[in-house]
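Have a look at the structure below before the remarks.
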Amino acid sequence: MKGFAMLKIGEVGWIEKEKATCGPMDAICRPLAISPCTSDVHTVWEGAVGERHNMILGHEGIAEVVEVGELVKDFKPGDKVIVPAITPDWNSLEAQGGYAMHSHGILQGWKFSNTKDGLFSDFFHVNDADGNLAHLPKGMDLKLAPMLSDMVPTGFHGAELADIQYGDNVLVIGIGPVGLMAVAGANMKGAAHIYAVGTRPKCTEAAKFYGATELINYKEGSISEQALALTKGVGVDKVIIAGGTVDTFSEAIKALRPGGKIGNVNYLGSGDTIEIPRLEWGVGMGHKSINGGLMPGGRLRMERLSRLVSIGKLDLAPLVTHTFEGFDHIEEALYLMKDKPKDLIKPVVLI
């Protein structure tokens, strides 16, 4: 089979590989629509999770099932499915403990383009098909559906990690596609003021669409100072970090009121340590908590989030700004995510 791969840190290209074999609980699928991710950029060009050789990229997409194992009950060849970016081993002890995304080790529920070949190929393998695939709802736009693989569940997980409550004032740092879904998630969970940090016009426009009440331009001064000014010095109740660097945590802590919470879903591609400002953290006693998490993944989450799209409560159209037709455009779409032109939010390649 043909696939678009990370050849080594800093280098990508097309390769040929043997088609994966299907285990008794697994499925083999072929992609119908796929989307590259900033995570792919961190993995390839920053070496964020270490060296990978000839690993096929991609972890966002929808597909058609071509083969299932003899123990798979709910899927059959020909079914169109949503494939979550995170595909845990659901019989692991970590899954039983509530952290399926870390099944058999930290981040090990994230398999595609991390520990095994991903979706950017003629065929790909899905472990535990009954637990990790979801039927694509009838009538759902194939161009928009890949957003359910990662962008929607990751952004919404930011709102979960921050523990958004009715009437909270929320700061969302970073309004790329994940941050935009963090804005939408915070809005759905009942946030009052949502302060969205970003500058690109397409993203700020979409942030308003999804519920942002004010915009903060980080180029015009400190994020925390602007957030404190907007809250009359009190600070925000919750912060969702969906972009930035290891230095972003300092701004989040400074913007947060005592007793507030930070939910981080930003993939930190570089940097060795995160600095927490001592005084603004209440010299260690300010009850300002940080929760960072990989989104849960799995079938149930895909089904629940796809319901929001199917009934019209979540419109994914603003996320997809670039559409390509044909497998050979994967490389072009990936480089768009690397270069991030001003008119980009998310590209999708229709196969």
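Miscellaneous remarks
- Checked against (1) among the β-branched types (Val, Ile, Thr); (2) surrounded by 13 or more Cβ atoms within 10 Å (Cβ to Cβ); (3) part of a loop (DSSP other than H, G, I, E, B), Thr273 meets all criteria but (2).
- Filtering the range 18-69 to residues that are among the small types (Gly, Ala, Ser) and within 12 Å of Phe120 (Cα to Cα) leaves Ala33, Ser35, Gly58, Gly61, Ala63.
- Counted as qualifying within the range 122-205 are the strands (runs of 3 or more DSSP E) with 2 or more residues that are within 15 Å of the chain's Cα centre (by Cα), namely 170-173.
- Residue match in the range 318-341 (condition: in the same structural domain as Tyr210 (by TED's automatic domain parsing), more than 22 Å from Met6 (Cα to Cα) and buried (at least 20 other Cβ atoms within 10 Å of the Cβ)): no
- The sole residue among Asp168, Asp130, Asp141 that is among the charged types (D, E, K, R), at pLDDT 95 or above, touching a strand residue (DSSP E or B) at 6+ places or on another chain (Cβ under 7 Å) and surrounded by fewer than 23 Cβ atoms within 10 Å (Cβ to Cβ) is Asp168.
- Single residue of the range 250-270 satisfying the filter (surrounded by 15 or more Cβ atoms within 10 Å (Cβ to Cβ) and touching a Gly at 6+ places or on another chain (Cβ under 7 Å)) that is nearest to Pro84 (Cα to Cα): Val265
- Only listed residue being of a type in the set (A, V, I, L, M) and without any contact (Cβ under 8 Å) to a residue 40 or more places away in the chain, chosen from Ile86, Ile28, Ile9, Ile106: Ile106
- Unique match (being in the same structural domain as Arg30 (by TED's automatic domain parsing) and not aliphatic (A, V, I, L, M)) among Pro177, Pro146: Pro146
- Considering only residues in the range 247-270 that are among the hydrophobic types (A, V, I, L, M, F, W, C) and assigned to a strand (DSSP E or B), the one that is nearest to Pro153 (Cα to Cα) turns out to be Ile262.
- On inspection, Lys143 passes the criterion of being within 27 Å of Glu331 (Cβ to Cβ) and of a type in the set (Lys, Arg).
- Of the strands (runs of 3 or more DSSP E) lying entirely inside the range 1-105, those carrying at least 1 residues that are surrounded by 18 or more Cβ atoms within 10 Å (Cβ to Cβ) and over 24 Å from the mean Cα position of the chain (by Cα) are 61-68.
- Count of the range 1-41 residues which are closer than 22 Å to Phe324 by Cβ and at pLDDT below 95: 5
- Complete set of residues in the range 287-343 that are part of a strand (DSSP E or B) and polar (S, T, N, Q): Ser289, Asn291, Thr321, Thr323
- Candidate set: the range 195-233, residues that are without any contact (Cβ under 8 Å) to a residue 60 or more places away in the chain and β-branched (Val, Ile, Thr); chosen: the one surrounded by the fewest Cβ atoms within 10 Å (Cβ to Cβ): Thr199
- Single residue of Ala242, Ala186, Ala192 found to be surrounded by 17 or more Cβ atoms within 10 Å (Cβ to Cβ) and under 21 Å from Lys313 (Cα atoms): Ala186
- The condition of being buried (at least 17 other Cβ atoms within 10 Å of the Cβ) and on the phi > 0 side of the Ramachandran plot holds for Gly298.
The values are calculated or read from the model by the stated rules, or taken from the named source; none is laboratory data. Computed from a prediction, not measured in an experiment: that's the story for all the values here. Positions of Cβ are backbone-derived with ideal geometry, glycine not excepted, and every protein chain shown enters the neighbour counts.
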